[in-house]
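Written out below as structure tokens is the structure these notes cover.
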């Protein structure tokens, strides 16, 4: 499994470095705009969170691109030619967005830390905003994997698996919306933790369902 994950990371490295480079350019541009507009711009805490968002989004956008091309390039068949099982491929496939999210959060954390050193004050709001965006993007990546596997199950005539996959997908959307709505309506000390927990719970459930569906595949070419 770890070999498969390393192979996926090696495959993604050029896109990852390119995405982070573009994100860094956007951060510098946005910073220049904020400096130019001065007091008319967002508060410094919000500005730091906005800049950090781009650094978080870049690696996970790379993850979406890898998902798109995975089925076309038939890498699973290459992995299965060696001592790799479908479950190991599925676990590596689910862990890849987690690793990419960690890379984005690390880059965002470094950006916020630099901002804090320059200001002499660490903003909890910036960290909360960056963490929420990271969790939201990770959840979307996992939901994308779940949708792919539910579609594959339908195509392979695994009707129970397809119903379970799409049922999980459909149930996750209103659950996440309800958590977000409750956090914003009943604002308090638990609002941000509730949002973070909602994203992580849905991401973990979607990842587990993806592994289960992928393990039952009968065709690994699409």
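Suppose we keep only residues that are surrounded by fewer than 18 Cβ atoms within 10 Å (Cβ to Cβ) and either touching a helix residue (DSSP H, G or I) at 6+ places or on another chain (Cβ under 7 Å) or part of a helix (DSSP H, G or I) (or both) within region 119-139. Which one would you say is modelled with the highest pLDDT? Even if it seems obvious, please write down each step before you answer.
Applying the first criterion (surrounded by fewer than 18 Cβ atoms within 10 Å (Cβ to Cβ)) to region 119-139 yields 119-122, 124-125, 128.
Retained after the next criterion (residues that are either touching a helix residue (DSSP H, G or I) at 6+ places or on another chain (Cβ under 7 Å) or part of a helix (DSSP H, G or I) (or both)): 119, 122, 124-125, 128.
On the way: 119: 69, 122: 66, 124: 71, 125: 73, 128: 77.
For region 119-139, the residue satisfying everything is 128.
Considering each of 106, 114, 78 in turn, give the residue that is out of contact with any strand residue (DSSP E or B) (no Cβ under 9 Å at 6 or more places or on another chain), surrounded by fewer than 16 Cβ atoms within 10 Å (Cβ to Cβ), at pLDDT below 80 and more than 30 Å from residue 215 (Cβ to Cβ). Outline the logic, then answer.
On the way: 106 fails: at pLDDT below 80; 78 fails: more than 30 Å from residue 215 (Cβ to Cβ).
Going through 106, 114, 78 in turn, just one is out of contact with any strand residue (DSSP E or B) (no Cβ under 9 Å at 6 or more places or on another chain), surrounded by fewer than 16 Cβ atoms within 10 Å (Cβ to Cβ), at pLDDT below 80 and more than 30 Å from residue 215 (Cβ to Cβ): 114.
Would you check if residue 145 is out of contact with any helix residue (DSSP H, G or I) (no Cβ under 8 Å at 6 or more places or on another chain), at pLDDT 75 or above, under 20 Å from residue 66 (Cβ atoms) and part of a helix (DSSP H, G or I)? So residue 145 does not fit the description; no.
The values are calculated or read from the model by the stated rules, or taken from the named source; none is laboratory data. Because the structure is predicted, anything quoted here is derived from the model rather than measured. Cβ atoms come from the backbone with ideal geometry, glycine included; neighbour counts cover every protein chain shown.
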